Structures are given as structure tokens and as C-alpha cells.
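Step one of this worksheet: look at the structure below.
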Amino acid sequence: MNVTGYWHREEAAAPDAEATADAGAPGPAGIPSPLPWLVVRAALQLGVVDAVADAPGLSADALATRLGLPGVGIDVLLPLLAAYDVVVGDVDGSGLRLGAAGEELLDDHEREEYTGHEAELLLALAHLAPALRDGTSPWRLASGATLHDTVEHDAERYGELVEECEQLVFLLTGLTADPLWEDARTCLLTGPGSASVAAALDDAGRRVCLRIAEEGTPAAVLRGHVPAPDRIDWTAGPADVAVAAKALAYRTDAEAVQLLSRLAEWTGTAVLVEASRPDGLSPHAAEAALHAYTATGSPLRDRAAIASLAKRSGWRVERTVALGWGTEATVLRRA
């Protein structure tokens, strides 16, 4: 038996929470201000957190000099950074040091919330109103290109997508145990979750011959993440089964149909591994549809939306396998 799950722990509010709350005080109707997030993002981009970590005890003036910033710039940032325990200064003149939140921001995964791919998607929401009017994605309005076009030529961004998919390895046992693998000898993989699928198949003892449909930058990134890359055929072609793992999550509907039509040329069975509903245990579940719309111009694609895309590209839905955390595997057969 395999049991996958997690728990949420709520920390008690600090005694002095009210004293620091004013810096990011909610606006009307309790809506939180975006200013603290933007200030922390700026601090990370400017190197404030790293500089204080490398040389604790710096004065504000010395920090400004070290970073090549005018003093007024540091003076604007420090009060809010102090209010949120990112960079704090002792009253005894011992200089600046990292607070508890600043220490956490030394971790690459923590700072991705402010400087990584997800942060760029959040910034694109400044274009939400015109995007909704035009029926397009905020990302496309902000960048001038679809997210798919962007990440296909950006190794760092595609690498972030691959890393975000690493959690799939904990969910794919439901898929690797499916009867569809009993007669499968070859499998074509596509999408940033390909490395996780390859690892899950290996863990399950499914010794199928793998080939990967990605080319260029995505293929180069995946080579660094898949187990035994030398045993994989890195050219697209016919296969018994194709698995598209999170391949639709950064594609518009039109791009998704194009991918599915392409897979139909190579196989009669395809599996789509996608988040089809919010993770009910996530504190940000209500935001999932908006995140998806920002990236693709479509809300989080539920079963009906997946079925519609499949029908448009010559497929029919045979069944759906629930994997957990809002993620499902949709088994398609050629129509």
C-alpha cells in the first residue's frame, strides 16, 4: 500500500505581530497590500539579502556603497524589510543583520516565490483586466509571446518547470500500476514532467523503451534530470503509449490542440497528466484558476475542458485516473 499525503501546521501569531502589521496593513475590506512582496523582490534582485548575509553588521550607508545604490534607495527599502523581519538593525549600533524571514530567503526555493517563474506570472497580472476583455492570457499581453514560446527558448525557465514537476514522482504510482502498461513496449514522453514519469516507470519496474519528443532547449534541460539519459531515444517517433506530463499547463488551447494532434501521428494511446482541479488542502486553492489563466488564457482545465481539447485533435477520453493533490491522468484513445 502506498499512502501519500501531508499536513498543515499553523504557527501562533507572534506577540508583537500588531506592532509590525502596519507596514503591510490591509487596505479596504481586509485586502492585503502587494507592497511587502514587491519590496522583498527588489531586495533580492539588488542583492540586499545576500550582502547582509555575507557581511553582517554593515551600516545602511556601507550596504548602499557595497551595492552601488544611492543612500535614499536603501532608506526606502529598509523600514519595510525590518517590519517583516527580513533585514533588521540593532539599536545598539551593531549594524544590519538578517532576521528570521531573511534567513529563509537564503534558500533558493524560498526566493523563487519572489524572483522565479511564478513571480513573473504574478507580475503579469497587472494586465489581467485587458486580458480578460481580449480573451487572452495576461502573460501574452505582458511579454508579447505565449508562455510556451517563452519557455521553449529559455533554459532557466524550462528548468523551473521541470523542478516544479518533481513532486509528480510521489503521485504517479496510480498511473504506473494501470493496465495500459501491460502490453506497452515503447513510451513517448513530452512535457516538463517527463523526467518524473521516467523515474516513476523505473521505480515501478516498467522496463519500456523511452523516447522523448522534446527538442532544443527543453531536451537539453531534461537530459540533466532524467535517469540514465543514454538509454533514452531523443527523437520523436512511433510508440505504444505517449505520456504528456504537465505539457498543457503552459500552452494555450490552440497550442494544446497542436501538441495532441502531433501525438496522434505517433501513437493510438496517450495519457495527459495535468492538474484538473485545485488541491483542496492548499491554502491557495482559490487562486489556482487565476494562475492557470495567467499562463494560458484558460482557467484550470477540468475533465470537460480536457475532453474538448481531445475531441478537437482526434482523440476520445477513455478514462481518468485520480493521482492526488488535484492531479489526474487522462487516458486518451484515437477517435
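The values are calculated or read from the model by the stated rules, or taken from the named source; none is laboratory data. None of the values given here were measured: they were computed from a predicted structure. Cβ: placed from backbone, ideal geometry, glycine included. Neighbour counts: every protein chain shown. When the accessible area is computed, the model is the full protein with side chains, heavy atoms only, and any ligands, DNA or RNA have been set aside. Shrake-Rupley method; radii C 1.70, N 1.55, O 1.52, S 1.80 Å.
Counting only helical runs of four or more DSSP H residues, what would the 222 nm mean residue ellipticity of the chain come to if each run contributes -39,500 (n - 2.57) and the total is spread over all its residues?
The per-residue figure over the chain is -12000 deg cm²/dmol.
Tell me which GluC sites (Glu not before Pro) from region 125-188 have a DSSP coil assignment and no more than 14 other beta carbons within 10 Å of their own.
Here the GluC sites (Glu not before Pro) that fit, given the DSSP loop and packing criteria, are Glu182.
Over region 248-335, what relative contact order in percent results from Cα pairs under 8 Å that are six or more residues apart?
Rounded, it is 38 percent for region 248-335.
Using Cα centres only, tell me the gap between region 255-272 and region 114-160 in whole Å.
Comparing the Cα centres of region 255-272 and region 114-160, I get a distance of 24 Å.
Over 5 Å intervals from 0, what percent of Cα-Cα pairs in region 102-187 sits in each interval?
Taking all Cα pairs of region 102-187, the binned fractions are 3, 12, 14, 16, 14, 13, 11, 9, 6, 2, 0 percent.
With only Lys, Arg, Asp and Glu charged, each at its Cβ (+1 for the first two, -1 for the last two), find how big the charge dipole of the chain is about the Cα centre; round to the nearest 20 debye.
1840 debye
Rank these by accessible area, largest first, 1.4 Å probe: Glu274, Glu103.
So the residues, ranked largest to smallest area, are Glu103, Glu274.
Of the heavy-atom accessible surface of the chain (probe 1.4 angstrom), what whole percent is carbon and sulfur?
Carbon plus sulfur share of accessible area: 53 percent.
Over the chain, calculate the relative contact order: mean separation of alpha carbon pairs under 8 Å at least 6 apart, over the residue count, as a percent.
12 percent
How large is the accessible surface of Tyr293 in square angstrom, using a 1.4 angstrom probe and rounding to the nearest 10?
Roll a 1.4 Å probe over it and Tyr293 shows about 30 Å².
Could you report region 104-221's accessible area per residue, 1.4 Å probe, as an integer in Å²?
For region 104-221, the per-residue accessible area is 46 Å².
Determine the order of Arg319, Arg312 by accessible area, beginning with the largest, at a probe radius of 1.4 Å.
Descending accessible area places them as Arg312, Arg319.
Note the angle between two axes, namely the Cα long axis of helix 35-46 and the longest principal axis of the Cα atoms of the chain, as a number of degrees from 0 to 90, rounded to the nearest 10.
Roughly 90 degrees between the two axes.
Just the accessible area per residue of region 241-311, please: how many Å² with a 1.4 Å probe?
That works out to 40 Å² per residue.
How would His148, His284 line up by accessible area, probe 1.4 Å, largest first?
The most accessible residue leads, giving His284, His148.
Output the 0 to 90 degree angle, nearest 10, between the alpha-carbon long axis of helix 194-203 and the longest principal axis computed from the alpha carbons of the chain.
70 degrees
Taking 0.36 nm per residue of separation and subtracting the Cα-Cα distance, what length does fully extending Leu132 through Ala145 add?
Gain on stretching Leu132 to Ala145: 3.0 nm.
With unit charges on the beta carbon (Lys/Arg positive, Asp/Glu negative), name the residue among Ala335, Ala242, Leu281 whose Cα is farthest towards the positive pole of the charge dipole of region 189-335.
It is Ala335, whose Cα lies furthest towards the positive end.
Name the residue farthest towards the positive end of the dipole of the chain from the options Ile31, Leu172, Thr320, assuming +1 on Cβ of Lys and Arg, -1 on Cβ of Asp and Glu, about the Cα centre.
The listed residue farthest towards the positive side: Thr320.
I want to verify the translational diffusion coefficient of the chain in µm²/s; compute it with Stokes-Einstein, Rh as the Kirkwood radius over Cα pairs, at 4 °C and 1.567 mPa s.
For these conditions, the coefficient is 58 µm²/s.
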